[in-house]
Amino acid sequence: MKTKKFSLCPSAPLAACFCLLALLAGCGDSPTDAQLEEWRKQAIARNTTMIAAHKKNRQQQQWELTIQGQTAREVRLSMQQLDALATTRIKTRSPHNTNKADEILDYRGVAISKLLELGTTPATEITFVSFDAYRATVSREDLTKYPIIIALESNGKPISRSDGGPLSLVFPYTKYPQLQQKYPDRFWAFYVTNMIVGTEPIQLRVGKSQFNAKALDQLEQVTIEEAVGYPIGWPISKVKLQGVRVRDVLAAAGVTLPEVAAVVFRGKAPASRDAKNPISILAKDIRECDILLVTRWGDKLDPIPAKMGGPVTLATSSTCQESDGNRERAPQHQRWLTFVEELEVSK
Ligand SMILES: Nc1nc2c(c(=O)[nH]1)N[C@H]1C(S)=C(S)[C@@H](COP(=O)(O)O)O[C@H]1N2
Ligand SMILES: [Mo]
């Protein structure tokens, strides 16, 4: 922590600021009511800015990177821990820097190869998931061959949220131009929160129960063919999706679904776990529609790799006549949820 110079309201509650103002005012001539009112307004404004800055800073500070999947164990790294590991510097142009496309930025970050040393794995691909559920997959071979980093700083400053921070995937384009063809601009994932080695095993939480792949396979398998709405890495034409009905999973978990309830779905990405804006589907539709937890895709019914947002994704059959209430509740794009981890019945 840096030591702070004196400021009028050093994270003190508003009341304390007022006392200080009153004291200062008491030193000279009595201030007019208008002056007092002005000072009061200034103090409130200062306080609001400070609280906002403090909160934002804390959010950036509390950011974590979770490493999971086919590794010996799950690892969570705090910003402080990442900062200590961030010894790799990359000087490169950045695709985000659109108004100064030729500018070379000096990034500091953690080499992914260093993070891979944390666990041995047979996996050949690493998938980075972002706060907004965006994802980018890079081959392990390239991650060991090139200094591809999770950057914390650019030009000596923390990467702001508006610039894709606090953690951003950075490719050394300038030194290794060949990387640009294989990993074009869209691979520079912003706001990275998870690094998945290979694909995780299925671990679906339903109420108090857990379902693994075997448990899901024991339920009735349903196959639909749909043009999917998942972002990135899926065919544009219709694809076969196989999985289990949400209502069957709830029944198997012994969860009852009241008439006036909804099922909330939570994915891996923080944006899909927002308590204030849950992804939910009304009980009526869960009962009457084929709303599936998908575990296999394509003509060969392959497992869904992390590269495509697997092992479990959410899908709705287009034959479903969804109720009006539902359409308002959850926009279609939210319903094509990737990395589904949890289901819960809510009012
Ligand atoms: N988390 C996150 N990262 C992301 C994206 C996104 O939507 N979310 N967009 C990608 C795309 S499509 C591009 S081209 C690059 C550059 O985006 P920019 O030109 O908006 O800076 O960021 C990539 N990183
Ligand atoms: Mo893009």
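The values are calculated or read from the model by the stated rules, or taken from the named source; none is laboratory data. If you're wondering where the values come from, they're calculated on a predicted model, not measured in any experiment. All Cβ positions, even for glycine, are placed from backbone atoms using ideal geometry, and neighbour counts span all protein chains on display. Keep in mind that these areas ignore ligands, DNA and RNA; they rest on the heavy atoms of the full protein, side chains included. Shrake-Rupley method; radii C 1.70, N 1.55, O 1.52, S 1.80 Å.
Annotations
- Flag if R287 is in contact (Cβ under 8 Å) with a residue 12 or more places away in the chain, in contact with a strand residue (DSSP E or B) (Cβ under 6 Å, 6 or more places away or on another chain) and either closer than 19 Å to L337 by Cβ or surrounded by fewer than 22 Cβ atoms within 10 Å (Cβ to Cβ) (or both): no
Quick grid of which residues meet (1) more than 18 Å from Q68 (Cα to Cα); (2) open to solvent by 30 Å² or more (accessible area, probe 1.4 Å); (3) within 16 Å of ligand 1 (Cβ to nearest atom):
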site	(1), (2), (3)
P166	yes, no, yes
Q180	yes, yes, yes
R186	yes, yes, yes
F190	yes, yes, yes
P201	no, yes, no
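Quick grid of which residues meet (1) of a type outside the set (K, R); (2) in contact (Cβ under 8 Å) with a residue 40 or more places away in the chain:
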{"position": "I104", "(1), (2)": "yes, yes"}
{"position": "A111", "(1), (2)": "yes, no"}
{"position": "R135", "(1), (2)": "no, yes"}
{"position": "E141", "(1), (2)": "yes, no"}
{"position": "T144", "(1), (2)": "yes, no"}
{"position": "I150", "(1), (2)": "yes, yes"}
{"position": "G165", "(1), (2)": "yes, yes"}
{"position": "K175", "(1), (2)": "no, yes"}
{"position": "Q178", "(1), (2)": "yes, no"}
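- Condition check for L143: surrounded by 14 or more Cβ atoms within 10 Å (Cβ to Cβ) and more than 30 Å from R266 (Cβ to Cβ): no
- Test: residue in segment 110-131 that is part of a loop (DSSP other than H, G, I, E, B), within 22 Å of I202 (Cα to Cα) and within 16 Å of ligand 1 (Cβ to nearest atom): yes
- Residues being outside any helix (DSSP H, G or I), more than 20 Å from the chain's Cα centre (by Cα) and modelled with pLDDT of 70 or more - total across segment 27-70: 3
- Of all residues making up segment 276-305, the number that are of a type in the set (D, E) and not in a helix (DSSP H, G or I): 3
- The listed residues are Q242, Q221, and the only one of them that is open to solvent by 60 Å² or more (accessible area, probe 1.4 Å), over 24 Å from the mean Cα position of the chain (by Cα) and either within 30 Å of V192 (Cα to Cα) or not charged (D, E, K, R) (or both) turns out to be Q221.
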